[in-house]
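Every number here is computed from the coordinates shown, using simple stated rules; none is lab data. Worth saying up front: this structure is predicted, and the values here are computed from it rather than measured. For neighbour counting, all protein chains shown are included, and Cβ atoms are generated from backbone atoms with ideal geometry for every residue, glycine included.
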Amino acid sequence: GSTIGILGGGQLGRMLSVAASRLGYRCHVYEPAAAPAGDVAHAVTNAPYEDQAALRAFAESVDVITYEFENVPTAALDLLESIRPIRPNRRALAVSQDRLTEKDFLAGIGLRTAPYRNVETEADLPAALADLGAPAILKTRRMGYDGKGQIRFRDTDQRDWTGVPSVLEGFVDFTAEISVIVARGADGQVAAYDPGLNVHREGILRTTTVPCGLPASLLTDAVLMAARIVNALDYVGVMGVELFVTPQGLVVNEIAPRVHNSGHWTQAGCAVDQFEQHIRAVAGLPLGDGQRYADVEMENLIGDDMARLPELLRKPRVQVHLYGKGEARPGRKMGHVNRLL
Ligand code: ATP
Ligand code: MG
Ligand code: MG
């Protein structure tokens, strides 16, 4: 096939479109809102996920459907899938759309997560807090990103509520956060990029650094865990696996069934970056060379960081990526830089 359909037109969809174009594919982006991908994809459908005619026309115009956004409504996915294959598959989406099913899945394949309790309604909260103790974090089961929809509990008497079904997580006393960007091809081949060290500020990823400076045996464990996840899901595409490093070993924080912000360094560190790798996988091509050839620090440009742009553009060994978004609102990811170390 020669046209790739992408659900979601944010910066990830935009960078996927660029990678697909470079491999000679056409891209058709489906995005309900105004989208940064709009100016690079070959075709864009701006319609809600409830618009069945638009969904049908989109699916019929492409050969395979992938996504940069995992919260596409189930009914839309059902319709799309009746027309064209969706990669990564529906199970990967179902598992990762809901933090509870995600944690149940991870625990079910023998991986460690933070201790957790389903908090379906506000009435379940006191027992969950009593069970797990404080500190703890309440997270909405669906739709959260960049730390949105999370409430931190400093003591077990605190009563705050997200308003929607949530999970309570025991606080993991981690020494570091790392992530594995793993890819699985249509033929079952698995490849992982070097794990990166992630630093967050106010719940938002600030920097990812490779190499991450942790022992090789620990990184091997991390890669094997990521491989186990993609195998168990019969996954095709790139996945981001976020992990906590603790003195007792690795704990899986969450998985993202798509290219991931902590994999942006691959644009400067590898012959084949995560975006091309994902396109290769969903298009049924062999996976590319994801070996790391450079030490890199990726830094997100968030809100006011854009004031530093003139200076960053003058720096040697710095690759600047901008997403073509309008206003630099606080907390909004406007771009990123990859610094060759
Ligand atoms: P993302 O943008 O990565 O999807 P998110 O909104 O899904 O973010 P999480 O990854 O669940 O949020 O949490 C954001 C950050 O909060 C984590 O990277 C970590 O720093 C901290 N955090 C989350 N859960 C825990 C926990 N159980 N114990 C300790 N810290 C945590
Ligand atoms: Mg998340
Ligand atoms: Mg996260």
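Observations
- Among 120-128, 328-336, the order from most to least packed when residues are scored by Cβ within 10 Å on average: 328-336, 120-128
- Dipole magnitude of segment 219-341 about its Cα centre (Cβ charges: Lys, Arg +1; Asp, Glu -1), debye to nearest 20: 320 debye
- Gyration tensor (alpha-carbon) shape descriptor, segment 199-253, a/c threshold 1.5: oblate
- Mean Cβ count within 10 Å, highest first, over the residues of peptides 287-294, 86-93: 86-93, 287-294
- Span-rule helices in the chain, defined as complete DSSP H runs reaching 15 Å or more along the axis (Cα) with Kyte mean at least -1.0: 11-22, 216-232
- Net length available on complete extension from L23 to D131 is 33.7 nm, with 0.36 nm assigned per residue and the Cα-Cα distance removed.
- One decimal place: the segment D146-L322 gains 61.5 nm when fully extended, by the rule 0.36 nm per residue minus the C-alpha distance.
- Placing unit charges on the Cβ atoms of the charged side chains and taking the dipole of the chain about its Cα centre, the candidate lying farthest along the positive direction among V230, L132, G10 is G10.
- Listed values for segment 181-195 are Karplus-derived 3J(HN,Hα) couplings in whole Hz (6.51 cos²θ - 1.76 cosθ + 1.60, θ = phi - 60°), namely 9, 10, 10, 10, x, 4, 8, x, 5, 10, 9, 10, 7, 4, x, and x replaces Gly and Pro.
- Between L309 and T74, the simple label model (points 7 Å from Cα in the Cβ direction) yields a spacing of 4.2 nm.
- Here's how it looks for S166: its modeled amide H is under 5 Å from those of V119, E120, R141, which are all 5 or more places away or on a different chain.
- In Å, descending, principal axis extents of the Cα set of the chain: 56, 49, 42
- Efficiency of FRET between R329 and R206 - r from beta-carbon atoms, R0 22 angstrom, step 0.05: 0.85
- Counted residue by residue at 0.36 nm each, then reduced by the alpha carbon distance between them, the extension gain from Q291 to L341 reaches 16.3 nm.
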